[in-house]
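In what follows, a single structure is set out as structure tokens and then discussed.
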Amino acid sequence: QVQLAESGGGLVQVGDSLRLSCAASGRSISTSAMGWFRQAPGKEREFVAAISANSDPYYSASVKGRFTISKDNAANVVYLEMSSLKAKDSAVYFCEAPSSYYYTGPSADGYVCWGPGTQVSVYA
């Protein structure tokens, strides 16, 4: 059973940076893609980034150039480094494991497991 635990969220100002972490158990991220999604109040869950087992990154257009996804296979942890944060980045961020170990797409239907999330709030 895959279990995911996100951490690192917080309250920051516009332009600040944050690093989110996702500790995974029950699945080795060295052989699996992983993804990050976010959900703001009243909105649907939105794809943010994904990383393949080979560490190839994929980003949504809204975060490309500002966010970086990476992972530490030995620690089984996935990271999301966020910089130049904007107010519209405010949301609960979820780490998600895809049903297929190869899936790095943006559809939420491709992911079957996520953690409780971590809140990111960006104020002007």
Checking the cross-link filter: which lysines have an alpha carbon closer than 19 Å to that of Lys88, excluding same-chain neighbours under 8 positions apart? Lys43, Lys64
Figure the gain on full extension for Ser60 and Ala75 (residue separation times 0.36 nm, minus the Cα-Cα span) and round it to one decimal in nm. 2.8 nm
For region 1-97, with every protein chain kept in place, what is the accessible area per residue (1.4 Å probe, Å²)? 46
So how much slack lies between Ser30 and Glu46, counting 0.36 nm per residue of separation and subtracting their Cα-Cα distance, in nm? 3.3 nm
Rounded, prolate or oblate: pick one for region 24-68, where a ≥ b ≥ c are the square roots of the eigenvalues of its C-alpha gyration tensor, a/c under 1.5 means rounded, and failing that, prolate if a/b is larger than b/c, else oblate. oblate
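In the chain, carbon and sulfur make up what percent of the accessible area (probe 1.4 Å)? Walk me through the numbers on the way to the answer.
Working: 3010 of 6050 Å².
The computed percentage sits at 50.
Rounded, prolate or oblate, given the Cα gyration tensor of region 55-106, with a/c below 1.5 counting as rounded? Walk me through the numbers on the way to the answer.
Values: a/c = 1.83, a/b = 1.54, b/c = 1.19.
In terms of gyration-tensor shape, prolate.
The values are calculated or read from the model by the stated rules, or taken from the named source; none is laboratory data. Every value quoted in this text rests on a predicted model; they were computed, and no experiment measured them. Note: areas computed on protein heavy atoms with side chains; ligands, DNA, RNA excluded. Shrake-Rupley method; radii C 1.70, N 1.55, O 1.52, S 1.80 Å.
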